[in-house]
Every structure is written in C-alpha cells, then in structure tokens.
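The values are calculated or read from the model by the stated rules, or taken from the named source; none is laboratory data. Just so we're clear, the structure is a prediction, and the values are computed from it rather than from any experiment. Cβ atoms come from the backbone with ideal geometry, glycine included; neighbour counts cover every protein chain shown.
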Amino acid sequence: MNSIALILGLPIAGFLINGLFGKSLPKSVVGWLGTFAVLASFVIALGVFNDLRLNPDFQNGLNFKLYTFLNVGNFHVDFAFSLDRLSVMMTLIITGIGSLIHLYSIAYMHEDEGFYKFFAYLNLFIFNMLILVLGSNFMMLFFGWEGVGLCSYLLIGFWYKNAEYGKAARKAFVMNRIGDLGLLMGLFLIFHQYQSLDYNIVLPKIADGSTSVYMLTAISMCLFVGAMGKSAQIPLYTWLPDAMAGPTPVSALIHAATMVTAGVYLIVRCEALFYLSPITNNVIMWVGLATSLLAAFIGLKQNDIKKVLAYSTVSQLGLMFVAIGCGAYTAAMFHLATHAFFKALLFLGSGSVIHAMHHEQDIRQMGGLKAKMPITYITFLIGTLAITGFPFLSGFFSKDEILIAAFEHNKIVYILAVLSATVTGLYMFRMFFTTFHGTYRNHHHSFEKVHESPWQMSVPLMVLAVLSVLGGLLNLPKYLGEGVSHKLAHWLAPILPMAENHSEISHSTEFALLGVAVTVFIIAFLYTRFKYVSRNAVPESDEKTPYLGKLLVNKFYVDEIYDTIIVKPLEMCSQIVDSFVDSKIIGGFVSGISSVLLKISNLNKRIQNGNIEYYLTFMVIALALFLGFNLLF
Amino acid sequence: MLNIFQSLDISHYIYLSCVLFCIGLFGVLFRRNAIVLLMCIELMLNAVNLLFAAFSEYMGDKDANGQMFVFFIMVVAAAEAAVGLAILVMVYRNTRKTDVSFLDSLKD
Amino acid sequence: MHITNLPLPFLILSFITILCALYVVTSKNPVHSVLALILTFFSISAHYILLNAQFLAIVNLMVYAGAIMVLFLFVLMLLNLSKDTEPVKSNLWGVAAAISAGLLLVVITASLQKSGIAVMKGNSPEIGLVKNLGRVLMTEYLVPFELSGILFIAAMVGAVLLGKRDSEKQDLLQQNDVQENA
C-alpha cells in the first residue's frame with residue numbers, strides 16, 4: 001500500500017519541487033532531483049514486482065484507496081489504485097525508461113533556459129502516466145489519460161516561442177480531445193450499464209456474458225476511439241508526427257515508449273470487453289493494419305530523422321492493434337515492451353545525432369557519422385536491427401508473435417503485416433545508412449565539430465541497447481524450450497482470463513513463418529545497403545520526387561484532406577455564427593442590456609451627489625418607513 | 001416633588017423627548033451651517049438624555065442605571081463636540097466655508 | 001389624560017423647552033441659536049430636577065451650557081460667523097426636511113400609542129445625589145468610567161492634531177487672503 005503511494009508520490013514531489021523552486025535551484029540539482037525521483041519509483045516498483053512474483057498472497061496485486069473522490073447518488077468513484085501484474089509491467093516500463101530519459105535530458109537540455117520547467121513537466125508526465133496505469137477504476141484512467149495529454153501538450157510546445165511548435169502542440173491536443181470524447185462516451189456507457197466504474201466490478205460483470213453484444217460493441221467501439229486518439233491510429237494519427245516538435249527526450253518518452261501505448265494498455269485492461277465484441281476486434285485489426293501500412297509507406301520518403309521515427313512509431317502501434325484485433329493480447333503487450341525499448345533507444349540515438357549536429361534533423365545533411373560517434377552508431381544499429389527484426393533481437397520475437405497470430409487469424413492480414421514489416425526494414429535502413437554511412441554532406445556545420453555525446457546521454461543509450469537485445473527474453477517462443485518460453489504470457493494470464501492459448505500451429509509452420517520474416521529482413525537490408533551505401537545515393541529533394549513518391553512525401557495529403565473536409569467547413573460555420581449570431585443577436589442583446597443599465601445608472605448617479613443632506617434625508621425617511629412597517633405588520 | 005408624578009406618566013416624557021428629537025432632526029436636515037448642525041445634534045442627544053432620566057424615574061427601585069447612561073452620553077457628547085468643532089475649524093481653514101452643501105467630495 | 005390635567009411645572013417647562021429648541025433650529029443667526037440652545041439646556045436641567053436627578057441637572061448645566069456651548073460660541077467668534085451669512089435653502093428643502101422629520105415623529109408616537117400608559121413609580125430623592133451616583137460609578141461602572149477617560153484623551157489628541165496649523169500651507173493661504181482683501 002505504501003509502495004503505491006511512494007511510486008506515485010515521488011514523481012509528483014519532484015514536479016512540485018522543480019516547478020515551484022526550480023528557477024532558483026542550480027541546474028544540476030534540478031536534473032538529478034527529477035531523475036532520482038523517477039529512479040526511486042522504479043526501484044520501489046521492482047520491489048513490488050518481486051513481491052508479486054514470489055508471494056502467492058499477492059496474486060491480486062496491491063490495492064490502495066486514497067479517499068472517496070465522488071459520491072453522488074449511486075455514483076461512487078474512489079481515488080484508488082491497484083498494482084497488479086499488468087500495471088506493474090507498465091509501471092516498470094514507464095519508470096525504467098523514464099529514469100533513463102531523465103538522465104539523458106540532463107545533458108540534452110543543458111543549454112535550455114527552461115531546464116527546470118522541462119524536468120517539472122517530465123515528472124508530472126510520469127506521475128500522470130502512473131495514475132493512468134495504476135488507477136483501479138476507469139475514472140482514474142481518465143484522469144491519467146487527460147493528465148498525460150496535458151503534459152504532452154506542454155512538452156510538444158515546450159519551445160513555445162516557435163509558432164509552428166505551438167501549432168503542433170495544439171493539433172496534438174485537439175486530436176486527442178476527439179479521442180477523449182470517445183473514451184468519455186465509453187465510460188458513460190459503462191456506468192449506464194454496470195452502475196460502476198471500478199475494474200473489479202465492471203470487468204467480471206462483462207465477463208459473465210450477460211450483457212448484450214450490441215452494448216458491448218458500442219462500449220468497446222467508444223473505448224477504441226479513445227485509444228485511436230492516444231495511440232495515433234487512423235484517422236487520428238496525424239498529430240504524432242507533428243508532435244516531434246517537442247524536444248527529443250520527450251519524443252522518446254511520451255511519443256514512443258509510454259503515452260502512445262496507453263491505448264493498447266486500455267484495451268488489454270478491458271480484455272474481456274474486447275474479447276466479447278468480435279465486430280470491434282475486426283475493426284481494430286483492420287484499422288491497425290491500415291495505419292501500420294500507411295505510416296510505414298509515408299516513412300519511406302521522410303527525410304527528417306525524427307519524422308521517420310514518428311511514422312515508424314505509428315506503424316508499430318498499428319501492429320500492436322493488429323495483434324489485439326487477432327486476440328493476441330500478450331503479443332501486443334510484448335511488442336509494447338520491446339517497442340518501448342528499441343524506439344526509446346532510436347529516439348535517444350537520433351537525439352544524440354541532433355545534439356551533435358546542432359539541431360540539424362535532415363538526414364540528407366548528415367552522413368558518415370559513424371566515425372565520429374561510435375557509441376551512438378553502435379547503439380543506433382542495435383535499435384535498427386531490433387525494430388527491423390534481426391534474428392534473436394527483441395523486435396524479432398515480438399513481431400513474429402504478432403505475425404503468427406495474424407497468420408492464424410487471417411492470411412490476408414498476415415500478408416499485409418509482412419508487407420508492413422518489409423517497409424519498416426526499408427525505411428529504417430534507409431535512414432540508418434544515410435545518417436551514419438556514406439560521406440558527410442552538411443556544409444554549414446563542419447565535420448570536425450561533430451562530437452560524441454556526454455556520458456549522461458550515452459549511458460541511457462547503452463542500457464537501452466542491452467534491453468533491445470535482450471528484450472526478447474520476456475516472451476521467448478516455444479521452440480526455444482518449454483521452460484524458458486512464454487514468460488510474459490504466464491505472467492499476464494491472470495489478467496487475461498479470456499484469451500486463448502494460441503499455439504496450435506505446428507513447429508514446421510512456425511519455422512516457415514520465421515523464414516519469411518528473416519527473408520524479408522535480408523531483402524530490406526540488402527536493397528537499402530546496395531542503394532544507399534554501395535551506390536551512395538542520397539534521398540532526392542521533395543520537389544523532384546515523382547508520382548507515387550510525391551504522394552508519400554506529402555503524407556497522402558491526409559492533413560490537407562482533413563483541412564478541406566473538417567476544418568474549412570467548420571471555419572465557415574464559425575464565420576457565419578460570428579458575423580450574424582454572435583454580433584447581431586447575442587452581441588445586440590448583451591450590449592442592449594449594458595446600454596439600458598448605463599442609462600439607469602446615469603439617472604442613479606444624481607442620487608449620489610456627495611451632499612450629506614440628501615443622504616441624511618433619505619436615511620431618515622427610510623428609518624421612518626422601516627419603523628412604520630414594523631408598526632403596521 | 002413626588003406629588004407631581006401622581007398625575008404624570010412616562011408617555012408624556014416620551015412625547016416630549018420625541019418632539020425635541022424630531023426638532024433636532026429637522027434642524028440637521030434643514031440647516032446648512034455646520035455649527036448649527038452640531039448644535040442640533042446636541043439637541044437630539046439631550047432629548048435622549050431626558051428620556052433616560054425619565055425612565056430611570058419610571059423604573060424606581062433605587063435604580064441609578066438610567067442616570068449613569070446620561071452621564072456617559074454627556075461624556076461622549078463632549079468628546080464629539082470637541083472633535084467636531086476641531087474638524088469644522090480645519091474645514092473652514094481650508095475652504096473658507098462652513099456650508100455643508102459645498103462639502104460634496106464624497107461624490108468622487 | 002387630558003393635557004390640562006398635567007402639573008403646571010411640567011407643562012411650563014416643556015413649553016419653554018420646545019419653544020427654545022424651535023428657535024435654535026429656525027434662527028438665522030448662529031449666535032442666537034447658541035443662546036437659545038443654552039436656554040433649552042437650562043429647561044432640561046429643570047426637568048432633571050423634577051425627575052430626582054439633581055447631579056445630572058448640575059452636570060448638564062456645567063458641561064453643556066457651560067463648557068460645550070461656550071466652545072460653540074468661541075468657534076463662532078473665531079470664525080467670524082456671527083452674521084447672517086448662511087445662504088437660505090429653498091422652501092422645497094424646508095418642506096422635505098419637515099416632512100421627513102415629521103414622518104418620523106408620527107411613526108414613533110404612533111408606535112407609542114400601542115404601548116400601555118403607565119404611571120411612574122418614582123424614585124427616592126437620594127438616588128440622584130453625588131454620593132449615590134459616585135458609588136455606582138466607582139463600582140458597577142468602573143470600567144466604562146475609565147474607558148471614557150481614554151476616550152477623552154483620544155478626543156483631545158484628535159482635536160489638537162486637527163487644530164494644529166500646517167505652517168507653510170497656512171502661510172500661503174493667509175497670503176492669498178491678504179491679497180484678496182487688498
């Protein structure tokens with residue numbers, strides 16, 4: 001119980017101290033304070049994890065009720081938290097990667113004037129994210145959900161002096177708000193149906209199968225809309241690439257490792273609900289697949305190092321949703337974890353490059369950096385190999401599990417998912433080779449000045465690289481031995497009562513699928529190596545890209561389409577409302593009232609003439625009337 | 001002197017003080033000279049004093065409370081007159097007027 | 001009880017009191033007002049004696065008629081306001097003031113009509129003597145008595161402060177006066 005309070009309390013304490021006093025504290029104190037607050041949470045969470053693992057009494061996790069938050073009629077919401085197997089996993093990811101990224105930020109943000117603000121926001125984010133995963137009811141989840149949205153907004157627009165960044169932050173906020181509306185509707189429906197928002201009450205009631213499938217579908221669709229917004233799925237994904245306006249550690253922490261996976265967490269948490277609504281499952285699967293493919297193709301033609309990673313994130317999230325749609329919740333969580341490792345690594349690596357290049361993000365301006373930045377190079381290579389599915393790295397296992405689940409579920413989905421994986425390999429290696437191999441192409445910033453980053457930045461890179469390599473150990477496939485395999489699946493089994501154990505396919509089929517995956521990886525690797533290393537090609541500038549490429553460069557014109565079909569009509573409506581309804585009707589009404597009042601007060605003004613005789617006279621008359629009134633009645 | 005009161009009752013004194021009080025009040029409302037205003041206030045205070053003394057007599061029982069009140073009202077009236085006149089002198093010094101209808105800076 | 005049945009001393013005194021009070025209010029010359037007010041106070045003192053409040057009667061004469069009214073007179077002389085300088089108010093104001101004051105009078109007396117008429121019990125003549133009052137003052141009313149001392153000090157300090165000349169400013173004002181007169 002106390003450990004939950006500590007896990008939550010330390011980051012918020014860090015936020016308060018840094019936020020209130022950070023301005024007068026030295027930078028080193030601010031940075032280390034923020035880092036240790038999260039690191040201490042991580043250590044405590046590790047302790048809880050150990051308890052959960054070893055102590056059978058803890059099977060249902062820890063519960064901690066702070067106080068009753070709302071008590072209206074039959075609507076009870078507690079400010080309560082529970083630490084079970086799923087949330088401890090999320091907590092470990094959040095605080096673990098969070099503390100690494102805090103450490104990294106000490107060096108990365110060192111020059112920034114808003115240093116203390118940055119750490120305060122980061123701590124606040126960690127706090128909100130922990131509330132999201134630790135809350136024991138949907139209301140807490142919603143709290144955290146909104147809280148991380150706010151922090152995301154604050155951090156995307158961290159360099160608010162740049163108007164473009166501010167716009168990006170607003171876009172993220174608005175897009176999320178659309179999703180949040182869905183989530184809220186879902187919560188309303190849940191309350192309407194079950195008179196409670198507590199997981200422990202709602203989920204068993206869903207699982208007992210008494211609710212009609214229409215209701216379940218409606219609820220799950222609403223929740224999925226919320227997940228779409230947070231986890232950047234079609235059609236609400238456009239904010240995530242723009243969110244790269246924020247500082248790189250933010251992209252790594254919020255927009256790759258933790259916040260964007262909140263949607264996946266939500267669905268896994270409500271596994272019973274989604275398991276019982278097949279229509280939603282199908283929708284999730286196809287939406288995820290479409291997102292994955294679309295984002296992967298767009299990533300092919302992006303030249304901003306962070307944009308590539310952003311689209312890659314969207315694409316990988318899509319894959320997670322495919323896994324969920326296929327009913328492979330463990331695979332989704334597995335991929336969530338490994339993706340957190342290698343994507344955080346890649347983002348931090350890109351941050352290291354950006355730092356070295358003095359905020360140059362265009363990969364066409366880079367090249368040949370491996371000579372100058374060995375640590376970044378090696379760790380980035382590991383991250384790239386992990387995401388593209390190099391055998392026996394973490395991404396290989398997690399992605400394969402998803403592909404196998406897809407294969408079992410639907411062959412077409414499988415083929416498309418493999419296509420997405422191929423494209424992933426293509427754009428990742430394209431970026432990797434253009435950045436680190438070939439010749440240096442920047443003329444503004446001399447090659448000699450490029451430098452390796454300080455230890456605060458390289459240590460997180462190395463730790464994450466190790467995690468990216470070994471992340472697969474979490475959930476090894478069966479063919480590597482019965483004893484070591486499927487640890488994560490066993491771990492999460494109590495949380496996922498409905499999910500079936502889907503290992504009916506034979507080992508030979510599984511090996512065939514592995515062969516496909518490895519082949520795809522090799523093709524992608526060889527093609528990009530031939531193109532960008534041997535022939536030393538440089539991605540052409542946006543204007544020269546022909547036909548299909550142009551479509552990709554412009555991100556399928558999705559932003560433009562949204563602008564035309566949603567923003568423009570809305571603006572027109574607003575203009576009509578503004579020019580007629582607001583100024584004529586409402587404005588006329590309001591200013592009419594005010595002008596009438598003005599006239600009345602002009603009349604009244606004469607009464608207050610400062611002459612004491614008037615006042616006295618009125619006082620006497622009032623007194624007489626008052627007494628007379630008493631007398632008569 | 002006791003024989004007087006056999007035919008007098010408290011209401012006569014009440015009427016008398018009410019009339020005095022209202023005359024004072026009328027003066028406060030009607031006059032503009034600040035000194036006369038102060039005098040009218042003294043008149044009103046005296047009306048109340050008279051009433052206190054009458055009620056003291058009315059209550060009987062060797063009760064001196066009413067007379068004590070008169071005493072304290074006199075104290076306050078003396079202090080009030082001193083300060084009021086000082087203020088008046090000050091106002092006259094600054095404005096060369098004692099007419100209250102010109103003292104309308106409360107308006108602002 | 002008809003008015004003619006009332007004891008003569010009370011009637012005469014009341015008549016004088018009200019008459020003088022009216023003159024205070026209506027006289028145009030402030031000095032006349034002060035003199036009329038002194039007369040009023042005398043008659044009220046006589047009422048006190050009728051009411052067995054001998055000490056109050058003397059104090060009333062000394063404090064009001066003696067000290068306060070002399071202070072008023074003194075200020076009038078000082079400010080040279082003895083002439084009929086007061087601008088007369090419009091009749092409308094007189095009517096308004098009379099109406100409001102009269103309204104209050106009517107209301108108060110009307111409310112008295114409701115209460116029953118009670119004959120005064122009368123007090124022993126000793127009650128209003130210095131000896132008796134002094135004892136009450138020094139026992140029951142000791143704290144208010146001391147507090148009124150503090151009030152007097154405060155009033156005195158206030159009056160001195162207010163009356164003190166702000167030398168530079170005053171010189172300037174007086175110069176202006178001299179110029180105006182010249």
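Looking at (1) surrounded by 20 or more Cβ atoms within 10 Å (Cβ to Cβ); (2) in contact (Cβ under 8 Å) with a residue 60 or more places away in the chain, which is the only condition A:Thr384 fails?
A:Thr384 satisfies all of (1) surrounded by 20 or more Cβ atoms within 10 Å (Cβ to Cβ); (2) in contact (Cβ under 8 Å) with a residue 60 or more places away in the chain except (2).
When the residues of the stretch A:444-476 are narrowed to those that are polar (S, T, N, Q) and part of a helix (DSSP H, G or I), which ends up surrounded by the fewest Cβ atoms within 10 Å (Cβ to Cβ)?
That would be A:Gln456.
Could you tell me which residue of the stretch A:494-550 is modelled with the highest pLDDT, considering only residues that are charged (D, E, K, R) and either part of a loop (DSSP other than H, G, I, E, B) or more than 26 Å from A:Gly438 (Cα to Cα) (or both)?
It comes out as A:Glu510.
Going through C:Val70, C:Val59 one at a time, which residue ends up being out of contact with any strand residue (DSSP E or B) (no Cβ under 8 Å at 6 or more places or on another chain), facing chain B (nearest Cβ under 10 Å) and part of a helix (DSSP H, G or I)?
C:Val59
Go through the stretch B:62-85 and count every residue that is within 7 Å of chain C (Cβ to nearest Cβ) and not hydrophobic (A, V, I, L, M, F, W, C).
Adding up the residues that qualify gives 2.
Of all residues in the stretch B:94-103, how many are facing chain C (nearest Cβ under 7 Å) and in a helix (DSSP H, G or I)?
Result for the stretch B:94-103: 0.
What about A:Thr258, is it at pLDDT below 85 and among the polar types (S, T, N, Q)?
No: the conditions fail for A:Thr258.
Report yes if some residue within the stretch A:442-456 is aliphatic (A, V, I, L, M) and over 30 Å from A:Ala328 (Cβ atoms); otherwise report no.
yes
Would you check if B:Leu37 is more than 7 Å from every other protein chain (Cβ to nearest Cβ) and either part of a helix (DSSP H, G or I) or without any contact (Cβ under 8 Å) to a residue 24 or more places away in the chain (or both)?
yes
Test each condition in (1) modelled with pLDDT of 90 or more; (2) within 27 Å of the chain's Cα centre (by Cα); (3) surrounded by fewer than 24 Cβ atoms within 10 Å (Cβ to Cβ) for A:Phe390 and report the one that comes out false.
Status for A:Phe390: all satisfied but (1).
Being part of a helix (DSSP H, G or I), among the aromatic types (Phe, Trp, Tyr) and away from chain B (no Cβ under 14 Å) is the filter here, so list the residues in the stretch A:574-633 that pass it.
A:Phe580, A:Phe589, A:Phe626, A:Phe629
Looking at C:Leu172, C:Leu105, which one is more than 26 Å from A:Ala624 (Cα to Cα) and either more than 9 Å from chain B (Cβ to nearest Cβ) or at pLDDT 80 or above (or both)?
Unique residue meeting the criteria: C:Leu172.
Of the numbered conditions (1) within 14 Å of chain A (Cβ to nearest Cβ); (2) without any contact (Cβ under 8 Å) to a residue 12 or more places away in the chain; (3) within 25 Å of C:Ala154 (Cα to Cα), B:Leu88 satisfies every one except a single condition; which is it?
(2)
Results for (1) surrounded by fewer than 17 Cβ atoms within 10 Å (Cβ to Cβ); (2) out of contact with any Ser or Thr (no Cβ under 6 Å at 6 or more places or on another chain); (3) in the same structural domain as A:Gln456 (by TED's automatic domain parsing); (4) farther than 17 Å from A:Ile131 by Cβ, shown as yes or no for each residue.
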site: A:Ala5; (1), (2), (3), (4): yes, yes, no, no
site: A:Ile12; (1), (2), (3), (4): no, yes, no, no
site: A:Ile17; (1), (2), (3), (4): no, yes, no, yes
site: A:Val29; (1), (2), (3), (4): yes, yes, no, yes
site: A:Asn50; (1), (2), (3), (4): yes, yes, no, yes
site: A:Leu66; (1), (2), (3), (4): yes, yes, no, no
site: A:Asn74; (1), (2), (3), (4): yes, yes, no, yes
site: A:Ala80; (1), (2), (3), (4): no, no, no, no
